[in-house]
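In what follows, a structure is listed as structure tokens, so that the remarks can point back to it.
What follows is calculated from the coordinates using simple rules that are stated; it is not laboratory data. Nothing here was measured: the structure is a model prediction, and the numbers come from that model. Every residue, glycine among them, receives a Cβ derived from its backbone with ideal geometry; neighbour counts consider all protein chains shown.
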Amino acid sequence: MRLISLELNGFKSFAQKTKIEFMPGMTGIVGPNGSGKSNIIEAIRWVMGEQSAKDLRGNKMADVIFAGSDTRKPLNRAEVAITFDNQDHYLNSDYSEIKITRKLYRTGESQYLINGQECRLKDVLDLFMDSGLGRESFSIISQGRVEAIFNGKPTDRRAVIEEVAGVAKYKKNKTTAEKRLADTTDNLHRVGDIISELETQLEPLAQESALAKEFQEQKKQFDQLDRTKTVLDIEAYQAQTKTIEQEQHRLDQMTHDYDKKVKAAESTLVKLKQSQTQLTQRKDLLQNQLLEQTKKIADLNNLLSLSSERSSQQKINLGQLKQQRTQLEQNKEEASQELANIQATYSTQQAEINAMQEQVAKAEQITAEQQAQLLTDQIEALQNQQIDQMQALTTVHNQRTFLTRNHEQDSKRQVQSQTELKTIQAQFDELKIALTQQQQQRNTLNAELTDKRKQLNTELNQRQSLKNDYDATQKKWYQALGNVQSLEARQTSLKSLETEYSGFYQGVRTVLQQRQQFNGLMGPVAELINVPAQYTTAIETVLGAQLQNLVVDNQTTGQAIISYLTRNRGGRATILPIDSLAHHTPNQIILDRISNMDGFLGLASELVTIQPEQQIIVDHLLSNTIVADNLSHATRISKQTQHRFRIVTTDGQLINASGAMTGGANRQQRQGLLSRQNEVEQLETKLVAARSNVSDLEATIQKLDRATQANNQVIAQLQTSVTDLTNQFQTADGKLKVLTDRQKLNERQLKALSFEVGQQDGSTSSYEDQLRTNENKSQEIEQTIETLKQKIIATKQQLNVTQLDDSKRQESLQQKKQWLAVAQEKIRQTNQQKKQLQINIHTIDAQLDELNSKANMASESQEKREQEKARATQSLQQLKNAQAESQTNLELVTQKLDTQTTQIETASHDLDRLRELQRATLNDLDEVHAKNAKLSAQLDHGFNRLSENYAMTFEEAKQNLSSMAPQQINTQLKLLKRGLDEIGPVNLGSIEEYDRVNKRYSFLHDQQTDLLSAKQQLNDTMQEMDQEVETRFYESYQQVATSFSHIFAQMFGGGQAQLVLTDPDNLLTTGIDIIAQPPGKKNQQMSLLSGGEKALTAITLLFAILEVRPVPFAILDETEAALDEANVNRFARYLSTYGDNGPQFIVVTHRKGTMMNANVLYGVTMQESGVSKMVSVSLEDVPI
């Protein structure tokens, strides 16, 4: 098989129809970035079935259609066709040449064609399946795929071997099998729910069916005797009722009178107690107020006492401070006087010492002999100085001549340097302006770049946040969708049971299935009443089989239904005609008495709801039934009603009006008709909420998807802006560096010239200064010589002066020195005394300041304390006055409260007496009511028994009585009742019902068995697939590992490498590690290799795959981009080893080494903006 050609028309940048023909060997596709090279590879992937717009570098699939350019309009269609030579039938097709075409229109319509015949996408994918070709196969290898190999996890590399092993169809079949398995499991659950429901019905139906015949035999005899006994009891109850009603009327009147008296007494007592409460509150308030006032008075007394003590102590302290201050002031005055005296003495002594020191200094002059020698030395020294000055004068004259000559030469050089300095300065000023402008441009670009990068980082963070929200919302959506499916499955199951009227007796079900024939049929009681969830168990327990009673509008409809059942032998049913049901009114007095008892929840007929026109049904069935919260409370309520009502608890325990108790619980709780109906309603509510939740989550996902798309567009724009600004910034920065370097060079030149000119200016000034200095120095030397001459003459004259007598002068000098030593010691002692007195005076001043501060603080504190004391005294008097007033008010309130208490005791006694009389009357009335209620209940019970059990009126029953004596009737009824009780309640239609349910159960059980068998077959098939995948995977792994090892040595010029399974014991999930040892390095994980080594190792693995699983052609999209030149050459040489008989290689590349080894080169150019064109050349025809 061989790839013949590729045709593009309107695909991305290929606006014109372009055909690329592929020759054997290696075909290279080259061109600058952005010219459209990768569009060719994407076109091949697209025509072979790629469905991801993102993988094609687009946001939506319509992005592959040419979008137009500056000179061309957008196209409305993209079309790509690829042609294969299939003479060897490499692809599973009878055609020797296969052409696959894919078209896409902007309207969203798309077409796939094989050899001109329209087909499905699945047909295209199936054609390439397990062929080693296809959009995701290793026949198309991109740089990203190479990076995925060396950056991916071991489990990700597993897909490489799976592709080689050709297990895609097995994994696809396994996915299909898993889906079928999930469907089978769902069907099993649904069938299991129905079977479970039927099983709960089978057991009681089987028991009912077994006892049905025995029950019928005894029931007929029992009914005859029971009707007779019931008629006789009714006649006796009617006679007793008349007498009881007269007594009840008399007691009702007495009760009414006592009620008025008790209410009046209660009203009076309430008013007295309210007044007593107010007085008590007033008394408590006054007592608290008096207590608080007493406490405040005690606190103020303590405060005044403490303030007086502190005031007295403060006065003592002030006196002591005044005494201390007087003493210190006296000490300071004495010290100051003494200091003045010492200072006067010090001044006198100092004057005497100064005078004596002058006398001693004059006396200490040298002797006459020493003076003569000194003068001789001075003359000699002055003559030496005169000779030195004359020599210096000669030197100065020579320096003047030298300075004059150098000054003339430097003046010429200075003129040249100043000219050059002006030129350099002008260049420097120009560079400074250019540098400032370039710096501003760079700063502006840098600010824009920083801002764009911040925006990009913000958008990238936003994209990650959107992705996290999208993933979390999608996970919630899957969970919510699963919940909806679960609820729908349960709803379907329950509605199926409702549709089939499962749980209803045969007769009821027969009527309901034909309900359209009976216009007056309203439905079974279970459908008509609405029962709150907390009362469902209680109402199901009370009504039992009556829930299946059929409600009709009148007796005519009821007769029609019974006739239909009789005629068709469809079973039996109880009919409740609304127009003929008796209305039952419960005893309101008893209800008022028990309504506040613990556990009383209400009358059953008031706890359920029904359509107003059907209310008589609820009253008929439940007006004599009370609902309680538990059996303990129900027992107490039943006793209080004297067993005139049925009491049922919320958990289904029952106390009949006769006092009999029924309760307990079955091992397996069976779902009743009401429970099922409530569950259906609850499921509907839950489904609405769940579907709403799914819709909300879908809307959120769509919103997040739109936000993500908008975010991606913004990111793309920002990335383009960042790239453009980065390039502009780098250009501006480069220009800035060039200008900076030029400025630095210019600045160095400027400094050097400025320094030179400065030096020259300095030299000129220096020359002039030196000349002036030389002249001045010459004059100074001449003057010095003249001065020395005069000094020599004067000194010679002084040598002849007469000397003084030396001995007398020495004696007087010694006496003066002794006196001076004594005087200096005295003045030192005087000065020491003066310093000590100054320190003492400073200390006294500090102590005086401290005493004055303490005295001021004490005076202020004393003044504040006196003010507080005055205020406290005033408050104390006010509190004493208020205390006296509170005491008076408390005594008055106490007197009123005593009087009120006496009145309350009297009123309470009167009320207790009235209540006792009322209670006695009520007890009598309760007994009468109990008797009347009992008789009424007995009458109702009798009428109900005749109506419900025998569908007969009292008059009809009287016409068909037994002739047996009453005593014999009771005896026989007990025997029959015992037999019936042993049998228990039965369903007369249970045999037919049991047969129907059992037949359906058997059918569903067979279906369940078939489904379990199918499930096992699917599991076995999946296991076989797993085994086949393991075998193929391991064989392919060994082959690829062997090829990888020897190709690695070729690609690297030595070394070794191996593929290692991370979990050899689990071939279905094991990952693959790559261990490589390039030449000269140690054995190490692939992650520790250098970037180039990683890339070459990954390419080696891809070549190993191609060797194990040869393909007719392979497309390499910049695969070698990360390799250096040496490795690129190896890469290209390896491709060349296949020659013309090997697979075709289509290589998109930028590398010279790869281009040089290609047989044919296609160049992609973009001579027209936005439009790609192809240029080809055969390198075999190019002369070297």
For this session: Provide the packing ranking of 422-434, 533-545, i.e. peptides ordered by the mean count of other C-beta atoms within 10 Å per residue, highest first.
Result: 533-545, 422-434
For this session: Please list, or write none, the lysines whose alpha carbon is within less than 21 Å of the alpha carbon of Lys977, excluding same-chain residues fewer than 8 places away.
Result: Lys213, Lys219, Lys220, Lys229
Problem set entry | Pairwise centroid distance, computed over Cα atoms, of segment 43-104 with segment 452-474, Å | 33
Exercise. Which entries in the list Lys37/Lys1094; Lys54/Lys171; Lys174/Lys476; Lys452/Lys475 go over 31 Å, if you measure between the two C-alpha atoms of each?
Worked result: Lys452/Lys475
For this session: Go through Lys12/Lys99; Lys332/Lys869; Lys17/Lys122 and tell me which ones have a Cα-Cα distance over 31 Å in this structure.
Result: Lys332/Lys869
Exercise. How do 906-914, 1053-1061 rank on mean C-beta neighbours within 10 Å, highest first?
Worked result: 1053-1061, 906-914
Problem set entry | 13 Å cut-off, amide nitrogen to a point 7 angstrom out along Asp741 Cα→Cβ, residues in segment 430-459 | none
Exercise. What is the fewest-to-most order of Lys1015, Lys475 by other Cβ atoms lying within 10 Å of their Cβ?
Worked result: Lys475, Lys1015
For this session: Rank by packing, highest mean first: peptides 693-705, 73-85, with packing defined as the count of other Cβ atoms within 10 Å averaged across residues.
Result: 73-85, 693-705
Problem set entry | Net length gained if the chain between Asp1006 and Ala434 were fully extended (0.36 nm per residue, minus Cα distance) | 196.3 nm
Problem set entry | Taking Thr228, Thr649, Thr843 and counting other C-beta atoms within 10 Å, the order from fewest to most | Thr843, Thr228, Thr649
For this session: Using the number of other C-beta atoms within 10 angstrom as an exposure proxy, rank Arg1130, Arg2 with the fewest first.
Result: Arg2, Arg1130
Exercise. So if R0 is 30 Å, what FRET efficiency would Tyr950 and Asn923 give, r being the distance between their Cβ atoms, rounded to the nearest 0.05?
Worked result: 0.15
For this session: List the aspartates and glutamates whose Cα lies under 14 Å from the Cα of Lys271, skipping any in the same chain that are fewer than 8 positions away.
Result: Glu905
Exercise. Looking at segment 516-629, what % of its DSSP beta bridges pair antiparallel, to the nearest 5?
Worked result: 70
Seminar exercise, completed: Expected vector for segment 190-200, Karplus 3J(HN,Hα) from phi with 6.51, -1.76, 1.60 and θ = phi - 60°, integer Hz, x for Gly and Pro, equals 5, 5, x, 4, 5, 4, 4, 5, 5, 4, 5
Problem set entry | Sites Glu247 and Glu214 - FRET efficiency at Förster radius 41 Å, r taken between beta-carbons, to 0.05 | 0.30
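For segment 26-76, state which trypsin sites (Lys or Arg not before Pro) are in a DSSP loop and have at most 15 other beta carbons lying within 10 Å of their beta carbon. Write down the numbers at each step before the final one.
Details: sites: Lys37, Arg45, Lys54, Arg57, Lys60, Arg72; in loops: Lys54, Arg57, Lys60, Arg72.
Passing sites in segment 26-76 are Lys54, Arg57, Lys60, Arg72.
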For this session: Could you please state, rounded to a whole Å, how far the C-alpha centre of segment 1122-1172 is from the C-alpha centre of segment 543-586?
Result: 93
Problem set entry | Separation of alpha-carbon centers, segment 1018-1075 and segment 830-868, rounded to whole Å | 103
Exercise. In nanometres, what is the gap between the two model label sites at Thr708 and Leu581, each 7 Å from Cα along Cα-to-Cβ?
Worked result: 6.0
Exercise. Which aspartates and glutamates, on any chain, are close to Lys73 with Cα under 17 Å apart, when same-chain ones fewer than 8 places away are left out?
Worked result: Asp63, Glu1168
